[in-house]
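Contents: one structure, followed by commentary.
Read the figures in this text as sums done on the coordinates, not as results from a lab. As the structure is a prediction and not an experimental result, all values here were calculated from the model. As a convention, Cβ positions derive from the backbone with ideal geometry for all residues, glycine included, and neighbour counts pool all protein chains shown.
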Amino acid sequence: ATSGNAVAANATNPNTGLAPTFRIPLENEWYKAAYYSPNYGGTGVGGYYAYATQSDTAPGTTIGSSANQANYNYAIGTATDVGSFSGSGSFYGTFDQSGNVFQWNDLDGTAGSSRGLRGGFWDIDSYGVSSSLRLDIDPSDEGNAFSFRLASPVGQNTIYVNLGGFRSPYYGFYSDSGLTQPLNIYSGGSDSLSTSQTYTFVKATTSHPFYISDAGYKQPSSSLISLVGNGSAASGIGGVGQSFTLSFNGFDPSVNALRFYCTSHSSMVGTLQVVLSPA
């Protein structure tokens, strides 16, 4: 955009004719990624933190894996690499949305004479790196404290679940309804599930009702994942075409496990491989 003429984002990539894969986030998208947690007030009680480190207390400034740390107040004196404060991400796993460098946002997405900045930078006080500070400036302005973060639509994936059996891996998983393209989502590799994606599991046969949980066999899942659709932790999906959609809400595969199982046979339990996708 040029000075005084910040245009609306393209709805179509002129090079591909498709919707853009990446874009500057709207202000409300940036804000939610930084400060929101669905468990702010306790399990299942959502709210917004004051800082993008999942804290209402001003961060420290120590590089490393400690919680609630950030680059601000000239404590370090220069910008740091993204992820330097590895224990201080937001609920959604983003880093440096408090401190380091300001980040552009697209306000409400309409054309106008300004664009937004949020997050503060390495030479500003605690108020400046909190959710309270927002700036609207000319989009042609430049500075060594300005940067940007990209947003992308959440991926949608359909996984077809074939008839089960009593030998591991118990079920077959496929990317097509004809069951010709198998997916190896139970032993790692390129087919592993990603925490940045959503997945719809569709039952392709009637035998062995199927379900998943991060809390144990036939146990309702925690708030770290969301399951919406047919079936339940106790009964699963058994009819052809029944389905449920999985999304991740802070699930960390280094400390959490996602199990799939047959609700009729407790011996049929396996593990879905999940990889943490950096935001």
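Using only helices, what value at 222 nm comes out for the chain when you add -39,500 (n - 2.57) per DSSP H run of length 4 or more and divide by the total residues, to the nearest 500 deg cm²/dmol? Before the final figure, lay out each step's value.
On the way: 1 runs with 9 residues, N = 279.
After summing the helix terms and dividing by residue count, I get -1000 deg cm²/dmol.
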Contour minus Cα-Cα span, Ile137 to Thr61, at 0.36 nm per residue, comes to 24.6 nm
Bridge orientation stat for the chain from DSSP, antiparallel percent rounded to 5, came to 70 percent
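Given the range 153-202, report the % of alpha carbon pairs whose separation exceeds 19 Å. Each step should come with its number before you reach the end.
Details: 311 of 1225 pairs.
Roughly 25 percent, once rounded to a whole number.
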Between Ser152 and Phe166, the two model label points (7 Å from Cα along the beta-carbon direction) sit apart by a distance in nm of 4.4 nm
Yeah, the range 68-154 with a ≥ b ≥ c from its alpha-carbon gyration tensor (a/c under 1.5 is rounded, else prolate when a/b outruns b/c, oblate otherwise) is oblate
Note: Asn256 to Thr12 extended length (0.36 nm per residue) minus current alpha-carbon separation gives 84.0 nm
Quick note on Arg167, Arg118, ordering by fewest other C-beta atoms within 10 Å, gives Arg167, Arg118
Per the rule of 0.36 nm per residue minus the C-alpha distance, extending Lys32 to Ala111 adds in nm 26.2 nm
